[in-house]
Structures are given as structure tokens and as C-alpha cells.
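**Q** Sharing a structure here in C-alpha cells format.
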Amino acid sequence: MKNSGYYSQFGGAFIPEILVSTFDELESAYLQARDDPSFWKEYLELMSTYSCRATPITRLDNLSEELGGASLYVKREDLNHTGAHKANNVMGQGLLTRRMGKKRVIAETGAGQHGVATATMAAKFGFDCTIYMGAHDVARQRPNVFWMEQMGATVVAVTDGSQTLKDAINEAFRDWVTNMDDTHYVLGTACGPHPFPEMVSWFQSIIGIEAREQMLERTGSLPKRVYACVGGGSNAMGIFNGFLDDDGVELVGVEAGGRGEGTGQHAARLAYDEATIGVAQGYKTYFLQDRDGQMQDTHSVSAGLDYVGVSPILSHLHESKRVRFEAATDDEVVAAMQRTVRREGLIPALESSHAFAQAYREAPMMSKDDNILINMSGRADKDIFTVADAINDPKWREFIIDKARGYQQEISDA
């Protein structure tokens, strides 16, 4: 499947000459670590003692009965430290950064979960840390920004372009070009120049390795379908990796349908067939772009899926028909999240809720003998402002107004 960072025609490393030696150093360190059994042992030890691995599988008893089709199981990455799958990748890259002798890390973030995870890793390993985040995402993910700053990270609000994830990635690369000697860029998803897609997928594969073993132990069989939301693709590649060689397991990636197909306000690269192949941000994949190759603005209620490109590995799996891609709209996602909260007491992140929405749509049409697995890539603590606004909760609105009045009074008294 792969040849020098390519997955069929996708991938590669389209980087400026000044970064070639840095990428060569990173690839060498990664390959040496991958070939060293003691590294993976150290990684597993770190994740088990610091990050609550192995995360469990939970059966959705109430919704399985209510929907009346396949039994629903959930891989609980929300129980990972920092509340999402992101810790898997950043802790692995933290070990690599230490191997390379570097003292500073930078990262991009959309929903803020990768930023929080990177800041956490930096605090644990003693690295200086700078996080780049689109100004639009800073505004809608303020709780995560607060925790990044509390852990000592410098959060830079990026005001270029659409002020979302793609712009944060661009700014992080600009930083790296001028600080290569002492800085490692902890890219958060399975995108970007080689070796990032492969390396991030490798660290995230811990999800699928665990999930496959757990489903066999719990149910005696593999799931009929596995669902994961897809932004850049790290959580999807993580869980899909456990089942890629199992032809009887259908893999379903669910993208951000935003306000719907044909609206120009979504981030569905593959499900809506509106993306075209191009090269940007150091790699070749499907991007939402115009005829001149200019990146288009994207939209999603979930900041973490609001991205213009997709993992080159997933583009390959799409074209080879190993992964089926669907999309869930903002309204469907919020409804799926509310349903899960009310019926099961789980609080999936808006990103993860895309996978839940598609699973809920398809489960009733399946046999009661079938099991399906949903990757709950994170929890929705960070989304409380967005969700409360989306459902127009009157008590939350009253709370915000009262807080604003209190702050205004404090300013007046000062």
C-alpha cells in the first residue's frame, strides 16, 4: 500500500528545501523507534500508567433495544487522559521528541483536544510549548484554551484565512521553519507530509488493537461494522487499523455534513464527492478547493472536523473501497449527541457524534445477530457552549447573561 510515504497516488512530502533535513531526522527517529521493541513497550507502559489504557468497550443497552437492530458497542476513548484519543499520538511523539533531544514542541489544534493533549505532554516531559489555533476556534472552544494556558502553553490565535484548523497548520509550519534545531512539530492528525500520516496512525493504532481483542472477548466475534468520525483522520485510522485485514468487517468513516450537500458549508471531502485531488500543506490528497486550486472555506458544528483535507491513507482506502464514507449534518449530529446523553448517560463530543448519528441511522436495518462498534473519540465537555447555543437552552442563556452582567458590573465598579 505504501511506497516512500505514498498510499497509491496519495501522500508524499511536498516541503521546502529548508525542512528536508528536519523531516529526514524525524523519519529516521520514527523508524528506529518502530524497529525497537523497547520503545513500544515504553509507550504502552506510559499509556497504561498515565492515560487510563486500555480504554473499555461499552454496550449501549438502551439504544440497542430502542433501535431494534444490531447491538451497539462503543470504544471509550473519552476515558483517555484529556478526554479524547489525542493523548495516544502526543505521548508517542513526546517520547520521540525526547529521543531527538529537542526541548520545545509546537502544535496546531481545531477543537482544542489536541492542543490540550500536547500541552499536557509538554508539562509532563518539561518541554516549552506553543499551540496555534484559529481565532474562530479559540472563540468556540474557550474551555480548552483555558486549560492549555494553565498548563503553561502559549496559545496563538491565528487570524488568517477562515481562522480555523487549516490556518493553524499553516502557522505552525511557519514557526517550525524558523525553529527547527530545538523544536518538534507535534502534528495532531494523520495528514501532512510523510512520515506524519504513517506515524500518527501507528500511535493511534492502539485503539484498534485493543478494540479488536475486546470485541472478540466480549462477543465472541468481530463487529459487522466499525464507525468513526473523520476530520483529518487520526481517530478513524486508529480504530480502522485493528480491522483492515478483516474482510468481513465494514469500515465506515463519517464526515462533517455541516448544513448539507451542495451548500458549500460543510467539510465532507469524500462523502459528498465535492473534493478534488490536489497538493497543499505538504501532501497530496482530496481537498475542498476551487478550479484554481484555492482552498475553500469549510463549516461544521464540530471544530475538530472543520478541515479542508483528509488523510492520504483514507483517500487511498476510499478509492480502493475498503472504507465507505458518509456524512452527518449539524442537526443530525446535535440530535445524536442529545439522544446518547439522555438514553445512555454518555456524552460524546460533537466530532464523535457524527459516527453515532450514522450508526443510529443504519443499525435498525441490520440483523439482531450483528454487532457494530462506534469509536467515541472524545467527550463533549469542550462543546458545552456550542451545544447549549445549538439547542437554544434557556437556562444556559440565562446563565451566560447573568455572568455577562456580573462582569460588566465589576468593570463599572473598577
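**Q** So A87 passes all but one of these: (1) within 23 Å of the chain's Cα centre (by Cα); (2) among the small types (G, A, S); (3) at positive phi. Which condition number does it fail?
**A** Looking at each condition in turn, A87 falls short on (3).
**Q** Tell me which helices (runs of 4 or more DSSP H) are completely within region 38-155 and hold 3 or more residues being modelled with pLDDT under 95, or say none if there are none.
**A** Where helices (runs of 4 or more DSSP H) fall fully within region 38-155 and carry at least 3 residues being modelled with pLDDT under 95, they are 113-125, 135-140, 142-150.
**Q** Now for a different question. Counting only residues that are more than 9 Å from M133 (Cα to Cα) and β-branched (V, I, T), which one in region 160-181 is surrounded by the fewest Cβ atoms within 10 Å (Cβ to Cβ)?
**A** Result: T178.
**Q** Something else: Exactly one condition in (1) of a type outside the set (V, I, T); (2) in contact (Cβ under 8 Å) with a residue 60 or more places away in the chain; (3) more than 20 Å from L79 (Cα to Cα) is not met by L346; state its number.
**A** (3)
**Q** Can you name every one of the strands (runs of 3 or more DSSP E) wholly within region 267-340 that holds 1 or more residues which are at pLDDT 95 or above and buried (at least 21 other Cβ atoms within 10 Å of the Cβ)? Talk me through it step by step, then tell me what you get.
**A** Details: elements: 276-280, 283-287, 323-329.
The qualifying strands (runs of 3 or more DSSP E) are 283-287, 323-329.
**Q** When the residues of region 47-101 are filtered to those that are buried (at least 21 other Cβ atoms within 10 Å of the Cβ) and touching a His at 6+ places or on another chain (Cβ under 6 Å), which remaining residue is nearest to S367 (Cα to Cα)?
**A** Result: E77.
**Q** From the list H184, H194, which one is in a loop (DSSP other than H, G, I, E, B) and crowded, with 20+ Cβ neighbours inside 10 Å? Give the derivation first.
**A** Working: H184 fails: in a loop (DSSP other than H, G, I, E, B).
Every option except H194 fails the conditions.
**Q** Still on this structure: All but one of (1) under 25 Å from M148 (Cα atoms); (2) touching a Phe, Trp or Tyr at 6+ places or on another chain (Cβ under 9 Å); (3) in a helix (DSSP H, G or I); (4) not basic (K, R) hold for F399; state the number of the condition that does not hold.
**A** Only one criterion in (1) under 25 Å from M148 (Cα atoms); (2) touching a Phe, Trp or Tyr at 6+ places or on another chain (Cβ under 9 Å); (3) in a helix (DSSP H, G or I); (4) not basic (K, R) is unmet by F399, namely (2).
**Q** Okay, next question. Residues in region 23-36: is at least one at pLDDT 95 or above, in a helix (DSSP H, G or I), under 29 Å from E149 (Cβ atoms) and not assigned by TED's automatic domain parsing to the domain that holds M180?
**A** No, the conditions are met nowhere in region 23-36.
**Q** State yes or no: is Y407 over 23 Å from the mean Cα position of the chain (by Cα) and aromatic (F, W, Y)? Break it down into steps so the answer makes sense when it comes.
**A** Numbers: over 23 Å from the mean Cα position of the chain (by Cα): yes; aromatic (F, W, Y): yes.
Yes, satisfied.
The values are calculated or read from the model by the stated rules, or taken from the named source; none is laboratory data. Source: prediction; values computed, not measured. Ideal geometry is used to build each Cβ from the backbone, glycine not excepted, and the neighbour counts take in all protein chains shown.
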